Each structure stands twice: as structure tokens, then as C-alpha cells.
Amino acid sequence: MSHHDDFSAESLMMSAGHDPALVRNSIKNPIFQTSTFVFDTAEEGKAFFEKVYGDGNTEEKNNSLIYTRLNHPNLTTVEKRLALLDGADDSAFFESGMAAITTTLLEFCKAGDLILMSFPLYGGSDSFIKKTLPGFDIEHIAFTPEMTKEEILELVNTHPRANRLAYIYVETPANPTNSLIDIEMLSEVADNFSTTEKKVILSVDNTYMGPLWQKPLQHGADLVLYSATKYIGGHSDIIAGACSGKSDLIYRIKGMRSKLGCMASPWTSWLLSRSLETLTLRMEKQASNAATLAKLLEEHPKVDKVYYVGAIQPGEPYHELYQKQYSSGGAMLAFDVVGGEAEAFRFLNALQLACLAVSLGSTETLASHPFTMSASNMSLEDRAAVGITPAMIRISTGIEKLGDLVKDFTQALEKV
């Protein structure tokens, strides 16, 4: 397909990365359920291997079909689409969000290195950095959203491995507290510790905002990570992960992905391409539903506190950052009920339309209890430090009819 520069990424989700002429004019890419690809000649086989493992450009690599662990047509289609949405050179898809996160960390961090991480982080990332990577002699230090650039620089400088800082890992808005972190400020921190020999990589987990409401690469991030299970997949029916960024970095990540063997399968990739076609529609509806639910919760006597990016008012500490970095308040909410675990459980058990389940970004509204569920692998001190209490409930807003969600939440709150 040509003329990509003339149209928006949103419109190109239907066609990008797919040439009907290559597949008997099928308007949709078929599922390439194959493990290996035939070479026309031995010379072509040799050339393809040179391109995949050598310095060929992205297009050449994508067209050098050899073996499905390295590459396949469904993978290159979905990677082209996400790269367009993120404003990236290229992207890489994986069989889970954790595969995207762990592959990327293992590619850029070596024994003796230091990682600077934001806190709180999604439990899976938190535990990989704190419990798994020390076994590879990779250490970490954590900063909180409240810290200034100067405090973060000092935090790194006072660490014995300050000169080995390799990677900055940020998740914003944070899960589940929705606290915001300035990506541009952290890109300055990364530059501060980068040398001509070694660039410090800044990656942003953008799962909470999806590729629509926050564009980390525009604010100086090198890599954007996703659990593609969430908004990108969007239907609670696939597990997948993704990373997008500059082509030289994605090339390295794809090399590590081939070694670890965790690429997204043809079927997963095909479903993801299909999901990206409706991403904007789904996310806009989820965000407008969330804005109304947040208002309802704000005003409800049985709700103590609401955590919602869209509620940040002019004059409040993070408003300027919200204006600069986000195009929407998003569709993730959390709130504290008046009371504790018993009251939170009464609300969760009373829901009739919303589903009691972990995960987020799906067509159905999901409610969960971070303290005993998604954050339960964090230490009690860590949970207390970021305000994840037994009274907190996390909501991922779906695409249901707004009036029905309001009715459901209202009746469930009465039971608290």
C-alpha cells in the first residue's frame, strides 16, 4: 500500500502492512499457519539469512521469510500498524506483555548494570526487576512520582553503580494509583547518564493509556512497552505484548526475541491486526464512559477518594503535565470505599453487569481488588507506601451503554 503519509494512522489501521496482490487479492491478510517458508533458490535462502541476521533495513528483514520463530507475515502486518499509531520506526510483538518486558530488559541490561525504575510498577515488572534480575547481577533503585529531577539525579549518583546505569523503566499513569510521571524530564535524566559509548535507554510502559492517549516517543522515550492483551487486543480473548521505538533498538529486541522464542504466533498476530481496526472507536467510548463514572464516584457518600487522571483540575500539581502528556483522562479508575476490605468486597460482589476479574482495556467493564489481587505480590510496605489499601477498588471501563453502568454502580454502592 502506498500514500501512507496522506492519511491518519487511525484510517490506515484497515490496510497498513497488507498487500492484497500478494495473497490472491484477499482484502484481509490470511493466517499464515506455517512453521517454515520455501526459498526459490539456494542463493535466495543465503540472502534472506544475511538480511535477517545482518544489516538489512526493516522492510528487507520483514520480507525475508525463513522460519516463523524469526518472522511471519501476520507479525509484520501488526507491527507495521502499531508503529504507525505510536509514531515509531518499528515495533515488535510477543506472546505476552511479560515476554515483551523481560526480553527488552534482558537485551539492554548486562551483569553489573543498574536499572532506575518508577514506583509503583505493575506487579509482574516489579517482581522481575526486584527478584529475578539480581540473579543476573542487575541491581535497581526506585523513585516515586513525587520526586524532582534533582532528587532523581542524586538518588542515582549516590548509588555505587551510578556509572553503570543502563536502563530507566517507567510506568505512567501508574497501576493502580494513576500517578503521573514526566517522561520528558526522565529523558533528560537518561541523557545525563549517557556516554558516547553507552546510551541509557528510557522505556515507558504505556499499557494504561494504550497507543491512543499517550505518545511516549514524542516526549523523549526510546521504547514504548505494552501488554497488548489490554487495549490493543481489547476483547479479553488474547494474551500478547508489544514494544515500539527506533529501528536500531527494535532490531536488537527482535534478535533477543528470536533467541528466547517468544514472538506472537500467526493466530495471535492476526487477531491483533483485526483489533487495531477498532481501537480508536473502543477507546473513545471507554474514556467517555469512564469520565461519567468518575463523576458519579466523586459525588458518592460511600466513596472516600477517586483516582482518575481526567479529574486533575487546573491549578493542581499535575495539571500542566496532564495537559502536556495526555490527550484524554483514559478509561482506568480506582477508588477507595468508605471502610476496608469487607466494604470493598460487598461492592464487588454486588456488581451485576461489570465483571469481577483482573486485566483491563477490554470491551466489558472489569472490577478488581488490587490489594488482594494484582498487587498482592508486592510487599505490604510497598503497598502501604503507594496507597494500595484494602479499601481500594480498580475499574477498567468498558463499552457498555452508559446508563446501564451507572445503574449497576449505583446499586452496588448501596450495598456497601
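The values are calculated or read from the model by the stated rules, or taken from the named source; none is laboratory data. Remember, predicted model here, so these are calculated numbers, not experimental data. We place every Cβ from the backbone using ideal geometry, glycine too, and count neighbours over all the protein chains shown.
Some notes on this structure:
- Verdict on Glu150 being free of Cβ contacts under 8 Å to residues at least 24 places away in the same chain and over 15 Å from Met256 (Cα atoms): yes
- Residue selected from region 1-45 under the condition of a type in the set (A, V, I, L, M) and assigned to a loop (DSSP other than H, G, I, E, B), by the criterion nearest to Thr77 (Cα to Cα): Ala16
- Any hit, region 114-122, residues being over 27 Å from His319 (Cα atoms) and either at pLDDT 95 or above or surrounded by fewer than 19 Cβ atoms within 10 Å (Cβ to Cβ) (or both): yes
- Test: residue in region 125-138 that is in the same structural domain as Asn206 (by TED's automatic domain parsing), within 25 Å of Leu380 (Cβ to Cβ), among the aromatic types (Phe, Trp, Tyr) and modelled with pLDDT under 95: no
- Scanning region 77-87 for residues that are crowded, with 24+ Cβ neighbours inside 10 Å and either small (Gly, Ala, Ser) or not assigned by TED's automatic domain parsing to the domain that holds Gly210 (or both) gives a single hit, Ala83.
- Every pair of residues 6+ apart whose Cβ atoms lie under 7 Å, when the first sits in region 231-246 and is of a type in the set (D, E, K, R) while the second is modelled with pLDDT of 95 or more and part of a loop (DSSP other than H, G, I, E, B): Lys246/Asp89; Lys246/Asp222
- Every test in (1) within 25 Å of Thr268 (Cβ to Cβ); (2) touching a helix residue (DSSP H, G or I) at 6+ places or on another chain (Cβ under 7 Å); (3) surrounded by 12 or more Cβ atoms within 10 Å (Cβ to Cβ) is passed by Ile27 save one, and that test is (3).
- Of all residues assigned to region 186-199, at least one qualifies as being surrounded by fewer than 19 Cβ atoms within 10 Å (Cβ to Cβ), of a type in the set (Asp, Glu), assigned by TED's automatic domain parsing to the domain that holds Ala242 and assigned to a helix (DSSP H, G or I).
- Subset tally (residues that are in contact with a strand residue (DSSP E or B) (Cβ under 8 Å, 6 or more places away or on another chain) and not in a helix (DSSP H, G or I)) for region 153-174: 12
- Test: residue in region 403-415 that is of a type in the set (Gly, Ala, Ser), buried (at least 21 other Cβ atoms within 10 Å of the Cβ), over 28 Å from Leu121 (Cα atoms) and in contact (Cβ under 8 Å) with a residue 12 or more places away in the chain: yes
- Among the residues of region 200-216, those identified as hydrophobic (A, V, I, L, M, F, W, C) and in a loop (DSSP other than H, G, I, E, B) are Val200, Met209.
- Of the criteria (1) surrounded by fewer than 23 Cβ atoms within 10 Å (Cβ to Cβ); (2) among the polar types (S, T, N, Q); (3) under 16 Å from Ile168 (Cα atoms), which one Thr104 fails: (1)
- Qualifying residue in region 219-235 (condition: in a helix (DSSP H, G or I), more than 17 Å from the chain's Cα centre (by Cα) and over 15 Å from Ser96 (Cα atoms)): no
- In region 153-170, the residues that are farther than 20 Å from Asp222 by Cα form Cβ pairs under 7 Å with partners that are acidic (Asp, Glu), at six or more places apart or across chains, as follows: Arg161/Glu139.
Results for (1) crowded, with 19+ Cβ neighbours inside 10 Å; (2) within 17 Å of Ser273 (Cα to Cα), shown as yes or no for each residue.
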{"site": "His18", "(1), (2)": "yes, yes"}
{"site": "Phe37", "(1), (2)": "no, no"}
{"site": "Thr41", "(1), (2)": "no, no"}
{"site": "Asn62", "(1), (2)": "yes, yes"}
{"site": "Leu65", "(1), (2)": "yes, no"}
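- Any chance Glu150 is surrounded by fewer than 18 Cβ atoms within 10 Å (Cβ to Cβ), within 23 Å of the chain's Cα centre (by Cα) and not in a strand (DSSP E or B): no
- Entirely in region 304-389, the helices (runs of 4 or more DSSP H) that have 2 or more residues that are on the phi > 0 side of the Ramachandran plot: none
- Lone qualifier among Asp248, Asp222, Asp182, Asp191 - being in contact with a strand residue (DSSP E or B) (Cβ under 7 Å, 6 or more places away or on another chain) and of a type in the set (Asp, Glu): Asp222
- When Ser244, Ser265, Ser236, Ser269 are screened for being buried (at least 17 other Cβ atoms within 10 Å of the Cβ), at positive phi and assigned by TED's automatic domain parsing to the domain that holds Ala99, only Ser236 passes.
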